[in-house]
Amino acid sequence: MRKTFKTLLLALPLCLAALSAQAADSAAGRWKTIDDKTGKVKSIVEISQAANGTLSGKVVEILHSDKGPNPVCDGCEGANKNKPVKGMTILWNLSQDKGTTSKWSGGTILDPANGKTYRSKIELQPGGGKLDVSGCIAFICRAQTWVRE
């Protein structure tokens with residue numbers, strides 16, 4: 001019994017290290033979005049990976065908004081028109097770039113502040129603590145760095 005307990009105590013740090021290394025290699029997880037102008041954390045977006053390998057992101061918390069604590073996407077069209085931003089999928093269809101474990105592209109990102117959608121790509125920074133997110137229309141792009149929660 002004592003030997004088993006010692007083995008478990010030795011194995012626990014190794015398991016935790018393996019889990020944290022796996023998290024550092026994936027964009028899946030919870031990310032703080034940062035306001036470009038104020039530097040304040042605006043929201044928490046949870047990125048998940050579908051069975052087909054694509055990534056999508058949903059707003060799970062609103063921390064700071066110019067439109068109040070429960071903003072809606074009044075600039076959105078279609079199914080998202082006037083829907084709450086909290087719970088809304090704002091990033092979808094990102095596919096991992098071939099030959100890399102840190103870049104995804106070919107997706108779409110929605111800016112709930114104005115309701116516009118953009119072509120999107122993301123890149124996980126070394127260490128896995130930061131995610132560069134960009135959205136583009138033609139050759140005009142806007143980028144943000146999100147921080148892992």
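The values are calculated or read from the model by the stated rules, or taken from the named source; none is laboratory data. Just so you know, these numbers come straight off a predicted model, no measurement behind them. Here Cβ is always computed from backbone atoms with ideal geometry, including for glycine, and neighbour counts include all displayed protein chains.
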For Cys141, all conditions in the list (1) under 21 Å from Lys37 (Cα atoms); (2) surrounded by 14 or more Cβ atoms within 10 Å (Cβ to Cβ); (3) out of contact with any Pro (no Cβ under 8 Å at 6 or more places or on another chain) hold save one; what is the number of the exception?
(2)
Go through region 23-114 and tell me which strands (runs of 3 or more DSSP E), entirely inside it, have 2 or more residues that are in contact with an Asp or Glu (Cβ under 8 Å, 6 or more places away or on another chain).
29-34, 41-49, 55-62, 103-111
Within region 62-74, considering residues that are surrounded by fewer than 16 Cβ atoms within 10 Å (Cβ to Cβ) and within 26 Å of Leu131 (Cα to Cα), the one nearest to the chain's Cα centre (by Cα):
Leu63
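For (1) at pLDDT 95 or above; (2) touching a strand residue (DSSP E or B) at 6+ places or on another chain (Cβ under 8 Å), each residue gets a yes or a no:
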position	(1), (2)
Ala23	no, yes
Val60	yes, yes
Val72	yes, yes
Lys81	yes, no
Gly87	yes, yes
Trp92	yes, yes
Asp97	yes, yes
Is region 126-136 home to any residue that is in contact with a Leu (Cβ under 8 Å, 6 or more places away or on another chain), small (Gly, Ala, Ser), at pLDDT 95 or above and assigned to a strand (DSSP E or B)?
no
Candidate set from region 103-114 (those that are small (Gly, Ala, Ser) and at pLDDT 95 or above); member that is nearest to Ser65 (Cα to Cα):
Gly107
Region 110-139, residues that are touching a helix residue (DSSP H, G or I) at 6+ places or on another chain (Cβ under 8 Å) and at positive phi:
Gly115, Gly127, Gly128
